[in-house]
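The values are calculated or read from the model by the stated rules, or taken from the named source; none is laboratory data. The structure presented is a predicted model; accordingly, all values stated were derived computationally and were not measured. Reconstructed Cβ throughout: ideal geometry from the backbone, glycine too, with neighbour counts over all protein chains shown.
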Amino acid sequence: MANIKLDNLLKSYGDTEVLHGVNGDINDGEFVVIVGPSGCGKSTLLRMIAGLETVTSGEVSIGGKMVNNLEPADRDIAMVFQNYALYPHMSVYDNMAYGLKIRGIAKSEIKRRVNEAAEILEIGDYLKRKPRALSGGQRQRVAMGRAIVREPSVFLFDEPLSNLDAKLRVQMRLEIRKLQKRLGVTSIFVTHDQVEAMTLGDRLMVLNGGYVEQFGTPIELYENPQTVFVAGFIGSPAMNFIPATARDDGTVELQNGDVVPGVATTGTVTLGVRPEHLVPHDKGMFQIKVLMREQLGANTLIHGVLKGTDTEMVVSLAGTHDISEGAEMRFSAAKKLLHFFDATTGKRLS
Amino acid sequence: MLKRVHFPTSYLPYLLVAPQIIITLVFFIWPASQAMYQSLLIEDAFGLSTEFVWFENFQVLFEDPKYLESFIRTMWFSGAVALLSMGMAIILAGFADRVIRGAMVYRTLLIWPYAVAPVLAGALWVFMFNPTLGIISYFLEGFGIDWNHYLNKSQAMGLVIMAAAWKQVAYNFLFYLAAMQSIPKSVIEAAAIDGAGPLKRFWTIVFPLISPTTFFLIVINAVYAFFDTFGIIHAVTQGGPAGSTNILVYKVYNDGFVGLDLGGSAAQSVILMILVIAMTVVQFRFVERKVEY
Ligand SMILES: Nc1ncnc2c1ncn2[C@@H]1O[C@H](COP(=O)(O)OP(=O)(O)OP(=O)(O)O)[C@@H](O)[C@H]1O
Ligand SMILES: [Mg+2]
């Protein structure tokens with residue numbers, strides 16, 4: 001068990017800096033998900049924590065100890081790779097036992113731990129097989145088993161579910177979550193899938209272009225996104241963004257001249273509102289021209305544009321609604337559900 | 001009625017394969033059949049009379065202790081060459097696999113020896129180890145080692161083994177490097193996280209995973225040491241001193257063109273031919289076989 005501290009972590013490859021100072025404290029037993037679009041530096045950050053990449057500057061501490069210069073083997077971590085990275089020439093049993101043998105653990109103890117892990121993960125029947133004789137989901141379990149038999153103080157996962165089909169992904173997601181809660185081991189999980197991130201993480205670290213955009217609980221990220229990026233990244237369908245101009249009286253004016261209650265500021269702002277927070281209202285401040293309607297059963301998605309502009313808008317209504325395409329509708333949203341961001345920096349205006 | 005697709009008869013395909021067929025016929029099939037025919041004849045040293053003797057040449061050969069000696073020597077030599085050159089290659093490939101910067105330069109330099117003709121490679125080593133002029137024998141003298149491969153049998157053997165192995169390192173290196181690079185990096189990283197140091201990783205992960213390449217190279221190197229080392233032996237020791245480096249392929253030449261025993265020499269080359277065919281079959285079986293790990 002251990003907490004992890006990232007202190008101003010920086011990584012460059014030659015002249016290109018890919019991580020620009022990452023900070024974060026991860027508590028003992030916490031499940032933290034690092035999420036962000038492809039190429040934002042998630043894997044690089046995880047591999048720096050694992051010791052597979054050198055740290056250009058800054059510090060990584062595990063359990064209160066600076067580990068920058070420790071070999072991966074000495075950091076008391078276990079990692080699950082995206083392609084599982086099982087040893088192809090070893091049986092499932094040997095794959096799991098390998099790390100224990102190297103650490104000189106007694107045969108009987110190895111056997112006990114491997115069997116226990118195999119039971120938890122329901123792979124007891126395959127212990128004698130080679131990895132190539134397993135399905136993707138089974139390999140995934142073996143990779144997990146290899147991590148848990150080591151009884152490390154930190155688990156690191158690099159997109160371990162991305163090679164599985166959708167159904168299995170959801171199932172494994174739940175299993176990983178349950179397993180982590182049961183073992184109580186501090187875990188860092190990398191993914192680019194925001195749904196996976198929201199469901200798994202106690203807290204999410206949203207990375208974008210090598211910067212941490214926000215680090216907080218899923219609900220904090222949803223209710224109080226600190227940047228336009230986080231606002232657009234968390235939630236599905238994504239938040240609507242409307243360019244607007246702030247006026248002296250604390251309201252903002254949309255491009256089509258409509259006025260919406262806003263924040264006390266001046267200049268151009270970005271107004272954000274989630275599709276599920278828009279409700280039909282006769283005097284609603286958002287006039288939307290409906291272009292297309294998607295009936296999903298449980299809810300209805302309305303795609304359209306803000307009247308008089310070409311700003312695309314999506315509205316999500318619960319239940320089924322018979323709305324004709326081409327219609328014009330008015331929607332409103334509670335003031336506290338409107339988000340305002342600085343149009344140039346993308347930072348939240350409170 | 002079915003319509004058949006008709007290709008106009010053309011001589012072009014035949015024309016295109018003709019050079020290869022002619023080369024095979026002139027430089028392989030014809031001399032090989034000549035050798036087989038010759039191996040059944042006994043010719044006097046002046047070439048005045050020949051006598052057809054069926055398998056007498058082979059019978060004489062198998063009863064000749066010198067032939068058996070040469071056979072064992074060849075096995076020895078091949079084993080040593082294969083072990084030395086593959087050992088060197090695997091170490092170099094192991095390092096090259098880790099190198100990121102300057103890897104191209106390093107690899108190119110390592111491939112050069114392969115482009116050197118065997119006789120030249122031999123000449124190079126002769127110069128370096130020349131008992132009176134050679135730079136290495138000069139240094140060896142500093143360590144109290146009296147180097148003279150013209151007189152010392154084991155030194156002579158050592159030198160041809162080194163020269164032959166050196167030339168083959170590049171070839172083995174290429175195969176080993178390719179094999180090592182085909183191992184997913186994450187597997188090695190997983191082992192590192194599991195606590196295996198570089199040597200442990202090599203022996204427990206890399207080496208087992210490249211074993212198909214090792215099998216393949218063992219055959220290739222044995223064939224090389226058996227047949228392609230003539231030039232090196234000829235340049236370095238000419239089979240001496242006292243026949244101590246007279247391996248089978250050199251003995252064919254020596255008995256035939258120096259000793260003028262054409263029938264016996266032809267019989268030896270037929271045996272070598274059978275050996276190379278056997279090894280090739282083994283090699284194909286390994287290549288075809290599904291790799292088991
Ligand atoms: N060895 C390297 N040399 C130079 N640049 C690199 C190297 N490795 C990664 N990068 C760059 O660093 C950035 C971050 O890469 P990283 O693999 O961490 O992305 P990621 O967030 O994990 O993306 P994905 O979701 O696609 O896996 C990328 O822009 C990548 O091009
Ligand atoms: Mg990645």
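Okay, here's what the table says:
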| item | result |
| --- | --- |
| Selection count where residues are under 26 Å from B:A164 (Cα atoms) and assigned to a loop (DSSP other than H, G, I, E, B), scope the stretch B:180-227 | 1 |
| Residue under evaluation B:A278, criteria (1) farther than 25 Å from B:F95 by Cβ; (2) free of Cβ contacts under 8 Å to residues at least 40 places away in the same chain; (3) touching a Ser or Thr at 6+ places or on another chain (Cβ under 8 Å), criterion not met | (3) |
| Filter result for A:Y84 (crowded, with 18+ Cβ neighbours inside 10 Å, aromatic (F, W, Y) and over 16 Å from B:I188 (Cα atoms)) | no |
| Number of positions in the stretch A:162-173 that are under 15 Å from the mean Cα position of the chain (by Cα) and either away from ligand 1 (no atom under 13 Å from the Cβ) or surrounded by 15 or more Cβ atoms within 10 Å (Cβ to Cβ) (or both) | 3 |
| A:G24 vs. criteria under 24 Å from A:M198 (Cβ atoms), more than 14 Å from every other protein chain (Cβ to nearest Cβ) and either away from ligand 1 (no atom under 15 Å from the Cβ) or in contact with a Ser or Thr (Cβ under 9 Å, 6 or more places away or on another chain) (or both) | yes |
| Check on B:G94, within 14 Å of B:A170 (Cα to Cα) and either of a type in the set (G, A, S) or not in a helix (DSSP H, G or I) (or both) | yes |
| Tally, over the stretch B:186-214, of residues that are at the interface with another protein chain (Cβ under 9 Å from one of its Cβ atoms) and more than 16 Å from B:F95 (Cβ to Cβ) | 16 |
| Scan of the stretch A:201-254 for residues that are touching a residue at least 60 places away in the same chain (Cβ under 8 Å), small (G, A, S) and under 19 Å from A:G41 (Cβ atoms), ordered by number | A:G201, A:G209, A:G210 |
| Residues satisfying the stated conditions in the stretch A:141-161, i.e. of a type outside the set (F, W, Y), crowded, with 21+ Cβ neighbours inside 10 Å and either farther than 17 Å from A:Y98 by Cα or within 16 Å of ligand 1 (Cβ to nearest atom) (or both) | A:V154, A:L156, A:D158, A:P160, A:L161 |
| Test: residue in the stretch B:99-114 that is charged (D, E, K, R), surrounded by fewer than 18 Cβ atoms within 10 Å (Cβ to Cβ) and within 30 Å of B:K185 (Cα to Cα) | yes |
| Hits in the stretch A:178-199 (condition: more than 16 Å from ligand 1 (Cβ to nearest atom), in contact with a strand residue (DSSP E or B) (Cβ under 6 Å, 6 or more places away or on another chain) and not hydrophobic (A, V, I, L, M, F, W, C)) | A:Q180, A:T186, A:S187 |
| Filter pass, A:T245 being over 16 Å from the mean Cα position of the chain (by Cα) and not in a loop (DSSP other than H, G, I, E, B) | yes |
| Options B:S39, B:S49; residue that is farther than 27 Å from B:G239 by Cα and either modelled with pLDDT under 90 or aromatic (F, W, Y) (or both) | B:S49 |
| Helices (runs of 4 or more DSSP H) lying entirely in the stretch A:40-153 (those with 2 or more residues that are facing chain B (nearest Cβ under 10 Å) and not basic (K, R)) | A:92-102, A:136-149 |
| A:S38 under 17 Å from A:P160 (Cα atoms), within 14 Å of ligand 1 (Cβ to nearest atom) and in contact with a His (Cβ under 7 Å, 6 or more places away or on another chain) | yes |
| A:I49 vs. criteria crowded, with 16+ Cβ neighbours inside 10 Å, within 15 Å of ligand 2 (Cβ to nearest atom), closer than 24 Å to A:Q214 by Cα and among the hydrophobic types (A, V, I, L, M, F, W, C) | yes |
| Subset of the stretch A:193-202 [surrounded by 18 or more Cβ atoms within 10 Å (Cβ to Cβ) and either part of a strand (DSSP E or B) or within 15 Å of ligand 2 (Cβ to nearest atom) (or both)] | A:E196, A:A197 |
